Amino acid sequence: MGTNICLVGIGKIAVDQHVPAITASDDWTLAATVSRAGIVDGVPSFTDFDQMLADRPDIPVISLCLPPVPRFDYAAKAIAAGRHVMLEKPPGATLAEVHALQQMAADKGVSLFATWHSRAAKAVQPAKAWLADKTITSAHINWKEDVRKWHPNQDWVFEAGGMGVFDPGINALSIITEILPFEMRLKHATLEFPSNRDTPIAAKMQWADNVSGEFDWRQTGPQSWDITVETTAGTAEIKDGGTRFLIDGAEQDTGEIGEYPALYAQMNNLVKSNASDVDLRPMVHVADAFTLGKRTVTDAFEF
Ligand code: NAP
């Protein structure tokens, strides 16, 4: 029997990734869920989080799969109740929220893991190792997908705090901040907001050191989740959301463990070693884009 874990927010990502990763691992036992509507067959379910915390002191770890805006209150309650907490990405609606959670977790002596699932993708560590001693001349992110396909009717992504196209774009930022051997610094950005929405549907960024990026949620047909890094020793491509690594067009070996199994293995290590893992750099770049970016208004968007 693995460590008891409770999954909160039984929606798209919980069902697609968290439940399979937890149930396939010997490290974990899915001991309860909390959701207003969602359940997992065969697992005790609660609709009220406070009730679950009160009734199940035998569950030391809580994994929060809610959208970012409602997530803080759940994380704060879980930490106050002495539970270790795993946060889906982005780790909060604001940076200050996550700073507060870090302090609360440190004070309580529990583990806090701000996960970045794309950073756990198979090609990321091989690409990081190859780039570590290279002279990088430029890097470009091309992250273009169809929001109707990947976020069907999820209006929260277009509401304040939902981040818009930065919800997938932050995945690219979690990869590029891991693989580049220097820190990025935003110089310019342009954000396109649908006339009827709170968050952008497309963005272009230019960072120092010839690092640039394009995010777009209006991409029909082939989807792109690619990062290209030019170096004086050749071109590195991290393709398909971090699952493929190519040097000068030749496929390279990657790791074997998938994103969510790797995240749950890392959470197990953090709990066992009484440590936390909170890297806010991807979110800092999103905040900088909203702070510095020029806003333009584009066509209204409906799902
Ligand atoms: P979702 O299906 O829209 O929401 C997840 C669940 O959260 C919902 O089923 C809902 O459960 C609960 N919830 C939503 N709003 C709530 C509120 N105001 N108060 C309390 N509970 C609420 O979203 P998702 O796609 O799974 O995304 C959740 C998180 O995972 C996001 O941060 C997202 O960026 C991240 N993520 C998503 C994907 C993806 O492909 N969709 C991939 C990787 C990461 P109940 O209504 O049953 O309570």
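Where a ≥ b ≥ c are the square roots of the eigenvalues of the C-alpha gyration tensor, would you call region 3-114 rounded, which needs a/c under 1.5, or, failing that, prolate if a/b is larger than b/c, or oblate? Please report the intermediate quantities before stating the final value.
Numbers: a/c = 1.57, a/b = 1.36, b/c = 1.15.
In terms of gyration-tensor shape, prolate.
Could you bin all the Cα-Cα distances of region 122-161 into 5 Å bins starting at 0 and give me the percent of pairs in each, rounded to whole numbers?
5, 15, 13, 16, 12, 10, 15, 11, 3
For a quick check: sort F166, F113 by the number of other beta carbons within 10 angstrom, fewest at the front.
Numbers: F166 27, F113 24.
Going from sparsest to densest Cβ surroundings: F113, F166.
Using alpha carbons only, how many angstrom separate the centre of region 1-37 from the centre of region 164-199?
29 Å
Apply the a/c threshold of 1.5 to the C-alpha gyration tensor of region 93-222 and tell me whether it is rounded, prolate or oblate.
Numbers: a/c = 1.67, a/b = 1.06, b/c = 1.58.
Verdict is oblate for region 93-222.
Above 26 Å lies some portion of the pair distances; for the chain, what is it as a whole percent of all C-alpha pairs?
Numbers: 21191 of 45753 pairs.
Counting pairs separated by more than 26 Å, the tail of P(r) holds 46 percent.
Test of understanding: ordering S111, S138, S276 by Cβ neighbours within 10 Å, fewest first, what list do you get?
Values: S111 23, S138 13, S276 17.
Ascending number of Cβ neighbours within 10 Å: S138, S276, S111.
Which whole-number percent gives the relative contact order of region 3-114, counting Cα pairs below 8 Å spaced six or more residues apart? Intermediate results must be reported in sequence, preceding the final value.
Working: 195 pairs, mean separation 26.4, N = 112.
Normalised by residue count, the contact order of region 3-114 is 24 percent.
Over 19 Å between Cα atoms, which of K122/K149; K122/K272; K128/K272; K204/K294 qualify?
Working: K122/K149 24 Å; K122/K272 24 Å; K128/K272 26 Å; K204/K294 10 Å.
Beyond 19 Å: K122/K149; K122/K272; K128/K272.
Could you calculate the contour length gain from D107 to Q252, that is, 0.36 nm times the residue separation minus the distance between their Cα atoms, to one decimal place in nm? Intermediate values should be presented prior to the final figure.
Values: separation 145, 0.36 × 145 = 52.20 nm, distance 4.35 nm.
Full extension of this stretch gives 47.9 nm more.
Need the C-alpha centroid separation for region 126-160 versus region 239-269, integer Å.
So the two Cα centres are separated by 14 Å.
Determine the shape class of region 227-303: with a ≥ b ≥ c the square roots of the Cα gyration tensor eigenvalues, call it rounded for a/c under 1.5, and otherwise prolate if a/b is greater than b/c, oblate otherwise. Kindly include the intermediate steps, with their values, before the conclusion.
Values: a/c = 1.92, a/b = 1.15, b/c = 1.67.
Oblate, because a/c is 1.5 or more while a/b does not exceed b/c.
When only Cα pairs under 8 Å and 6 or more residues apart are kept, what is the percent relative contact order across the chain? If you can, show how the numbers build up before the last one.
Details: 639 pairs, mean separation 59.1, N = 303.
With pairs under 8 Å counted, the relative contact order is 20 percent.
We did not get these values from a lab; they are worked out from the coordinates using the rules stated. Computed from a prediction, not measured in an experiment: that's the story for all the values here. Neighbour counts run over all protein chains shown; Cβ positions are idealised from the backbone, glycine included.
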